Amino acid sequence: MDGDSRKSPDNEGRDCWKESLDYFPAPQPSAMSDPITLNVGGKLYTTSLATLTSFPDSMLGAMFSGKMPTKRDSQGNCFIDRDGKVFRYILNFLRTSHLDLPEDFQEMGLLRREADFYQVQPLIEALQEKEVELSKAEKNAMLNITLNQRVQTVHFTVREAPQIYSLSSSSMEVFNANIFSTSCLFLKLLGSKLFYCSNGNLSSITSHLQDPNHLTLDWVANVEGLPEEEYTKQNLKRLWVVPANKQINSFQVFVEEVLKIALSDGFCIDSSHPHALDFMNNKIIRLIRYR
């Protein structure tokens with residue numbers, strides 16, 4: 001800890017938390033028996049007093065050694081108003097002194113903030129080392145995009161006058177892009193730039209990630225004469241790029257926008273693949289990054 005007297009948001013939260021719990025007496029170690037059940041943000045965990053006090057200088061060590069007050073829920077469990085999902089990783093670190101995360105773990109930022117809140121210094125240091133390791137692994141990366149396009153007919157009704165409707169149809173271009181990248185961070189970057197337009201709202205494509213390395217996009221171009229409500233009714237999504245606020249109505253525009261994002265992130269076109277004809281026809285795009 002350095003000598004900076006400024007408070008971080010979590011520090012302020014801890015201070016307020018301490019003040020709000022002044023009316024709850026600090027538990028005395030002799031009055032607490034194993035096992036101990038914690039209610040962390042509504043999720044229950046059962047552990048031992050020895051585990052909770054394994055790092056005496058941490059907030060948990062202070063709470064369960066009688067140096068800090070605690071709050072209890074209606075069942076008498078010790079209550080901590082923090083994220084319950086990631087607390088499992090903090091508790092496992094208290095048990096083993098090792099940071100064990102799944103390969104597809106996507107909440108590093110949240111876990112880092114929680115570790116800072118609980119002030120488990122060895123865990124904070126382990127997370128810093130893990131982030132350096134992940135950063136190095138992200139430097140060299142591959143990006144592969146396969147594109148498909150088809151034309152289909154869409155049928156819809158047009159209101160010509162009150163109580164008068166007619167059936168109409170139009171050709172519609174349907175686009176599909178299968179995107180694979182060894183860089184999870186790049187797909188997150190892509191997700192911050194590309195948005196679906198559905199039900200009149202924009203939503204990030206990140207919610208459509210099949211896994212941290214694979215994304216599939218399906219969208220349509222504007223259909224001539226198709227009323228706006230029909231896009232919603234027939235679940236037809238359009239694709240936009242921000243902050244340019246440009247609608248993507250062709251593969252040419254899609255390729256241009258993805259290339260801009262990829263090149264700005266250090267990627268370059270793989271000259272050995274694909275075949276030049278495939279690239280010019282916007283069927284396959286492969287980019288690589290070496291750092």
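Couple of notes before you dig in:
- Additional length obtainable on full extension of the chain from ASN178 to SER203, 0.36 nm per residue less Cα span: 7.1 nm
- GLN163-LEU44 FRET efficiency (beta carbon distance; Förster radius 45 Å; 0.05 resolution): 0.15
- Protein-only accessible surface order, largest first, of LYS237, LYS43 at 1.4 Å: LYS43, LYS237
- Extension gain, ASN245 to ILE269: 0.36 nm times the residue separation minus the Cα-Cα distance gives 6.1 nm.
The values are calculated or read from the model by the stated rules, or taken from the named source; none is laboratory data. A quick note: this is a predicted structure, and the numbers were derived from the prediction, not measured. FYI the Cβ positions are ideal-geometry reconstructions off the backbone, even for glycines, and counts take in every protein chain you see. For accessibility, only protein heavy atoms count, side chains too; no ligands or nucleic acids. Shrake-Rupley method; radii C 1.70, N 1.55, O 1.52, S 1.80 Å.
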